[in-house]
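Working notes for the structure below.
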(Lines give C-alpha, C1' and ligand atoms only; values in the text may rest on other atoms or scores of the structure.)
Protein backbone atom coordinates (compact mmCIF):
# COMPACT_ATOMS: atom_id res chain seq x y z
CA UNK A 1 0.00 0.00 0.00
CA UNK A 2 2.74 2.43 0.91
CA UNK A 3 4.72 1.53 -2.21
CA UNK A 4 1.80 2.31 -4.55
CA UNK A 5 0.98 5.56 -2.76
CA UNK A 6 4.64 6.57 -2.90
CA UNK A 7 4.65 6.21 -6.67
CA UNK A 8 1.53 8.32 -6.90
CA UNK A 9 3.08 10.92 -4.66
CA UNK A 10 6.21 11.07 -6.78
CA UNK A 11 4.06 11.59 -9.86
CA UNK A 12 2.20 14.58 -8.44
CA UNK A 13 4.76 16.09 -6.07
CA UNK A 14 6.47 18.09 -8.81
CA UNK A 15 3.46 20.34 -9.21
CA UNK A 16 2.70 20.75 -5.51
CA UNK A 17 3.96 23.32 -3.07
CA UNK A 18 6.75 22.45 -0.62
CA UNK A 19 5.91 20.13 2.25
CA UNK A 20 4.85 21.73 5.52
CA UNK A 21 7.15 19.73 7.79
CA UNK A 22 5.80 21.36 10.94
CA UNK A 23 2.29 20.15 10.11
CA UNK A 24 3.53 16.67 9.21
CA UNK A 25 5.39 16.27 12.50
CA UNK A 26 2.63 17.93 14.53
CA UNK A 27 0.05 15.53 13.13
CA UNK A 28 2.32 12.58 13.93
CA UNK A 29 2.80 13.76 17.52
CA UNK A 30 -0.96 14.05 17.99
CA UNK A 31 -1.47 10.59 16.48
CA UNK A 32 1.09 9.06 18.86
CA UNK A 33 -0.73 10.61 21.79
CA UNK A 34 -3.98 9.04 20.57
CA UNK A 35 -2.30 5.65 20.15
CA UNK A 36 -0.98 5.79 23.70
CA UNK A 37 -4.50 6.64 24.81
CA UNK A 38 -5.72 3.40 23.20
CA UNK A 39 -3.02 1.49 25.11
CA UNK A 40 -4.13 3.02 28.40
CA UNK A 41 -7.79 2.26 27.66
CA UNK A 42 -6.97 -1.40 27.01
CA UNK A 43 -5.07 -1.71 30.26
CA UNK A 44 -7.67 0.25 32.23
CA UNK A 45 -10.64 -1.82 31.16
CA UNK A 46 -8.82 -5.09 31.96
CA UNK A 47 -7.72 -3.70 35.33
CA UNK A 48 -11.29 -2.62 36.12
CA UNK A 49 -12.67 -6.06 35.20
CA UNK A 50 -10.08 -7.87 37.30
CA UNK A 51 -10.60 -5.60 40.29
CA UNK A 52 -14.32 -6.29 40.13
CA UNK A 53 -13.81 -10.07 40.36
CA UNK A 54 -10.56 -10.35 42.33
CA UNK A 55 -12.13 -10.93 45.75
CA UNK A 56 -13.75 -14.15 44.51
CA UNK A 57 -10.29 -15.77 44.42
CA UNK A 58 -9.45 -15.15 48.08
CA UNK A 59 -11.15 -18.34 49.26
CA UNK A 60 -9.03 -20.50 46.97
CA UNK A 61 -5.82 -18.73 47.97
CA UNK A 62 -6.69 -19.38 51.61
CA UNK A 63 -6.54 -23.16 51.20
CA UNK A 64 -3.37 -24.81 52.47
CA UNK A 65 -3.37 -28.02 50.43
CA UNK A 66 -1.74 -27.19 47.04
CA UNK A 67 -4.01 -29.25 44.78
CA UNK A 68 -7.17 -27.99 46.49
CA UNK A 69 -5.90 -24.42 46.23
CA UNK A 70 -5.18 -24.71 42.52
CA UNK A 71 -8.44 -26.50 41.72
CA UNK A 72 -10.58 -23.99 43.62
CA UNK A 73 -8.93 -21.01 41.99
CA UNK A 74 -9.10 -22.54 38.52
CA UNK A 75 -12.82 -23.26 38.82
CA UNK A 76 -13.40 -19.67 39.96
CA UNK A 77 -11.56 -17.79 37.22
CA UNK A 78 -11.21 -20.09 34.18
CA UNK A 79 -14.76 -19.24 32.92
CA UNK A 80 -13.97 -15.52 32.73
CA UNK A 81 -12.55 -15.88 29.21
CA UNK A 82 -14.55 -18.87 27.98
CA UNK A 83 -17.08 -18.10 25.24
CA UNK A 84 -19.41 -20.83 26.58
CA UNK A 85 -19.34 -19.67 30.21
CA UNK A 86 -22.63 -17.76 30.02
CA UNK A 87 -23.10 -15.35 32.91
CA UNK A 88 -19.66 -16.15 34.32
CA UNK A 89 -17.86 -14.82 31.22
CA UNK A 90 -16.38 -11.31 31.40
CA UNK A 91 -16.55 -9.50 28.06
CA UNK A 92 -13.60 -7.14 28.64
CA UNK A 93 -11.41 -10.12 29.51
CA UNK A 94 -12.62 -12.22 26.57
CA UNK A 95 -11.66 -9.50 24.08
CA UNK A 96 -8.40 -8.30 25.65
CA UNK A 97 -5.08 -9.17 23.91
CA UNK A 98 -3.70 -11.07 26.92
CA UNK A 99 -1.78 -14.34 26.70
CA UNK A 100 -3.38 -15.82 29.81
CA UNK A 101 -4.75 -14.95 33.23
CA UNK A 102 -2.81 -16.26 36.20
CA UNK A 103 -2.97 -16.10 39.97
CA UNK A 104 0.07 -15.70 42.25
CA UNK A 105 0.16 -16.26 46.00
CA UNK A 106 1.34 -13.81 48.67
CA UNK A 107 4.95 -14.69 47.82
CA UNK A 108 4.45 -13.82 44.15
CA UNK A 109 4.70 -17.44 43.00
CA UNK A 110 2.40 -18.64 40.24
CA UNK A 111 -0.38 -20.92 41.47
CA UNK A 112 -2.38 -21.62 38.31
CA UNK A 113 -3.25 -20.19 34.87
CA UNK A 114 -6.46 -20.27 32.86
CA UNK A 115 -4.50 -21.42 29.77
CA UNK A 116 -2.03 -24.31 30.22
CA UNK A 117 -2.77 -24.46 33.97
CA UNK A 118 0.34 -26.48 34.84
CA UNK A 119 2.84 -24.26 33.03
CA UNK A 120 5.36 -22.28 35.14
CA UNK A 121 3.84 -23.55 38.40
CA UNK A 122 5.60 -21.96 41.42
CA UNK A 123 7.69 -19.62 39.27
CA UNK A 124 8.48 -16.40 41.14
CA UNK A 125 6.85 -13.65 39.06
CA UNK A 126 7.57 -10.99 41.67
CA UNK A 127 11.28 -11.36 40.88
CA UNK A 128 10.56 -10.81 37.17
CA UNK A 129 7.91 -8.07 37.24
CA UNK A 130 7.91 -5.01 39.55
CA UNK A 131 4.14 -4.77 39.05
CA UNK A 132 3.61 -8.03 40.96
CA UNK A 133 5.40 -6.68 44.01
CA UNK A 134 3.35 -3.50 43.90
CA UNK A 135 0.10 -5.47 43.58
CA UNK A 136 1.03 -7.55 46.61
CA UNK A 137 1.42 -4.25 48.48
CA UNK A 138 -2.12 -3.31 47.49
CA UNK A 139 -1.98 -1.35 44.21
CA UNK A 140 -2.63 -2.51 40.64
CA UNK A 141 0.34 -1.86 38.36
CA UNK A 142 1.95 -2.56 34.98
CA UNK A 143 5.55 -3.47 34.22
CA UNK A 144 7.78 -4.93 31.52
CA UNK A 145 9.53 -8.26 31.97
CA UNK A 146 10.17 -11.72 30.57
CA UNK A 147 7.84 -14.62 31.26
CA UNK A 148 9.32 -17.97 32.33
CA UNK A 149 9.10 -20.98 30.07
CA UNK A 150 10.29 -19.17 26.94
CA UNK A 151 7.09 -17.14 26.46
CA UNK A 152 8.99 -13.93 25.83
CA UNK A 153 8.79 -10.28 26.84
CA UNK A 154 5.45 -8.82 27.86
CA UNK A 155 3.79 -5.98 29.68
CA UNK A 156 2.25 -7.59 32.74
CA UNK A 157 -0.75 -6.16 34.59
CA UNK A 158 -0.99 -7.26 38.23
CA UNK A 159 -4.10 -6.65 40.38
CA UNK A 160 -4.26 -7.40 44.13
CA UNK A 161 -6.59 -10.06 45.51
CA UNK A 162 -8.02 -8.72 48.78
CA UNK A 163 -8.72 -11.04 51.71
CA UNK A 164 -10.03 -10.53 55.24
CA UNK A 165 -6.55 -9.87 56.61
CA UNK A 166 -5.18 -7.91 53.65
CA UNK A 167 -3.78 -8.80 50.23
CA UNK A 168 -3.51 -12.58 49.83
CA UNK A 169 -2.24 -12.73 46.25
CA UNK A 170 -2.63 -11.14 42.83
CA UNK A 171 -4.13 -11.76 39.40
CA UNK A 172 -1.70 -11.30 36.51
CA UNK A 173 -2.52 -10.61 32.86
CA UNK A 174 0.43 -10.48 30.40
CA UNK A 175 -0.01 -8.50 27.17
CA UNK A 176 2.12 -9.80 24.31
CA UNK A 177 3.82 -7.12 22.22
CA UNK A 178 2.89 -8.64 18.86
CA UNK A 179 -0.84 -8.80 19.55
CA UNK A 180 -0.81 -5.37 21.15
CA UNK A 181 1.00 -3.75 18.20
CA UNK A 182 -1.39 -5.26 15.67
CA UNK A 183 -4.39 -4.19 17.70
CA UNK A 184 -3.15 -0.61 18.04
CA UNK A 185 -2.43 -0.19 14.35
CA UNK A 186 -5.68 -1.79 13.24
CA UNK A 187 -7.82 0.22 15.64
CA UNK A 188 -6.23 3.58 14.85
CA UNK A 189 -6.44 2.90 11.09
CA UNK A 190 -10.12 1.93 11.32
CA UNK A 191 -10.88 5.03 13.37
CA UNK A 192 -9.05 7.26 10.88
CA UNK A 193 -10.90 5.71 7.95
CA UNK A 194 -14.23 6.24 9.68
CA UNK A 195 -13.63 9.85 10.71
CA UNK A 196 -11.81 11.03 7.57
CA UNK A 197 -14.19 9.58 4.99
CA UNK A 198 -12.71 6.24 3.94
CA UNK A 199 -9.36 4.83 2.89
CA UNK A 200 -8.70 7.35 0.11
CA UNK A 201 -9.08 10.36 2.42
CA UNK A 202 -7.60 8.84 5.59
CA UNK A 203 -3.94 9.19 6.58
CA UNK A 204 -1.58 6.23 6.54
CA UNK A 205 -0.87 5.18 10.14
CA UNK A 206 1.69 2.56 11.11
CA UNK A 207 2.58 1.52 14.66
CA UNK A 208 5.46 -0.37 16.30
CA UNK A 209 6.24 -1.08 19.93
CA UNK A 210 9.79 -1.01 21.28
CA UNK A 211 11.21 -2.77 24.33
CA UNK A 212 14.92 -2.21 24.73
CA UNK A 213 16.61 -3.44 21.56
CA UNK A 214 13.48 -5.14 20.23
CA UNK A 215 10.87 -3.71 17.88
CA UNK A 216 7.51 -5.35 17.18
CA UNK A 217 5.46 -3.92 14.30
CA UNK A 218 1.72 -3.96 13.78
CA UNK A 219 2.22 -4.93 10.11
CA UNK A 220 4.96 -5.76 7.60
CA UNK A 221 6.80 -2.45 7.11
CA UNK A 222 9.84 -2.88 4.81
CA UNK A 223 9.72 0.73 3.62
CA UNK A 224 9.52 2.14 7.16
CA UNK A 225 11.87 -0.21 9.03
CA UNK A 226 15.05 1.69 8.02
CA UNK A 227 13.68 4.84 9.71
CA UNK A 228 13.36 3.18 13.12
CA UNK A 229 15.86 4.75 15.51
CA UNK A 230 18.51 2.56 17.10
CA UNK A 231 18.17 2.16 20.89
CA UNK A 232 21.08 4.58 21.38
CA UNK A 233 19.58 7.18 19.03
CA UNK A 234 16.18 6.77 20.66
CA UNK A 235 17.52 7.18 24.18
CA UNK A 236 19.48 10.29 23.21
CA UNK A 237 16.52 11.92 21.44
CA UNK A 238 14.00 11.01 24.15
CA UNK A 239 16.19 12.55 26.84
CA UNK A 240 14.14 13.44 29.90
CA UNK A 241 11.09 14.51 27.87
CA UNK A 242 9.87 11.01 27.12
CA UNK A 243 8.84 11.81 23.54
CA UNK A 244 10.08 13.34 20.32
CA UNK A 245 9.00 13.72 16.70
CA UNK A 246 10.81 14.19 13.42
CA UNK A 247 10.21 14.47 9.69
CA UNK A 248 11.21 11.43 7.59
CA UNK A 249 10.67 11.20 3.81
CA UNK A 250 9.93 7.60 2.78
CA UNK A 251 10.14 6.88 -0.95
CA UNK A 252 9.52 10.57 -1.69
CA UNK A 253 6.48 10.64 0.57
CA UNK A 254 6.46 12.86 3.71
CA UNK A 255 6.02 11.01 7.01
CA UNK A 256 6.05 12.24 10.56
CA UNK A 257 7.74 9.82 12.96
CA UNK A 258 6.72 10.14 16.61
CA UNK A 259 8.34 8.24 19.48
CA UNK A 260 6.82 8.05 22.98
CA UNK A 261 8.15 6.19 25.99
CA UNK A 262 5.50 4.72 28.29
CA UNK A 263 5.63 6.59 31.56
CA UNK A 264 3.08 4.43 33.36
CA UNK A 265 5.16 1.26 33.86
CA UNK A 266 6.73 0.28 37.17
CA UNK A 267 10.50 0.33 37.03
CA UNK A 268 12.68 2.13 34.52
CA UNK A 269 11.62 0.12 31.47
CA UNK A 270 12.69 1.27 28.01
CA UNK A 271 9.29 0.57 26.46
CA UNK A 272 7.04 2.66 24.23
CA UNK A 273 5.63 3.27 20.76
CA UNK A 274 6.78 4.49 17.37
CA UNK A 275 4.08 5.95 15.13
CA UNK A 276 4.43 6.88 11.46
CA UNK A 277 1.79 9.10 9.90
CA UNK A 278 1.37 10.53 6.41
CA UNK A 279 -1.51 12.36 4.80
CA UNK A 280 -3.16 10.78 1.74
CA UNK A 281 -1.59 11.31 -1.65
CA UNK A 282 -3.16 14.30 -3.45
CA UNK A 283 -5.00 13.14 -6.54
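Going through 186, 182 one at a time, which residue ends up being surrounded by fewer than 15 Cβ atoms within 10 Å (Cβ to Cβ) and out of contact with any strand residue (DSSP E or B) (no Cβ under 7 Å at 6 or more places or on another chain)? Before you say what the answer is, go through the steps one by one.
Numbers: 182 fails: surrounded by fewer than 15 Cβ atoms within 10 Å (Cβ to Cβ).
Testing whether each residue is surrounded by fewer than 15 Cβ atoms within 10 Å (Cβ to Cβ) and out of contact with any strand residue (DSSP E or B) (no Cβ under 7 Å at 6 or more places or on another chain) leaves just 186.
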**Item:** Test: residue 142 is in contact (Cβ under 8 Å) with a residue 60 or more places away in the chain, over 10 Å from residue 172 (Cβ atoms), in the same structural domain as residue 51 (by TED's automatic domain parsing) and within 20 Å of the chain's Cα centre (by Cα)
**Value:** yes
**Prompt:** Can you tell me which of 19, 39 is closer than 22 Å to residue 192 by Cβ, outside any helix (DSSP H, G or I) and modelled with pLDDT under 95?
**Reply:** 19
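Results for (1) touching a helix residue (DSSP H, G or I) at 6+ places or on another chain (Cβ under 6 Å); (2) crowded, with 17+ Cβ neighbours inside 10 Å; (3) modelled with pLDDT of 95 or more, shown as yes or no for each residue.
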site	(1), (2), (3)
202	yes, yes, no
221	no, yes, no
253	yes, yes, no
272	no, yes, yes
**Criterion violated by residue 213 - all others in (1) more than 22 Å from the chain's Cα centre (by Cα); (2) surrounded by fewer than 17 Cβ atoms within 10 Å (Cβ to Cβ); (3) closer than 25 Å to residue 40 by Cβ satisfied** = (1)
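The values are calculated or read from the model by the stated rules, or taken from the named source; none is laboratory data. Remember, predicted model here, so these are calculated numbers, not experimental data. Glycine gets a Cβ as well: all are built from the backbone with ideal geometry, and neighbour counts include every protein chain shown.
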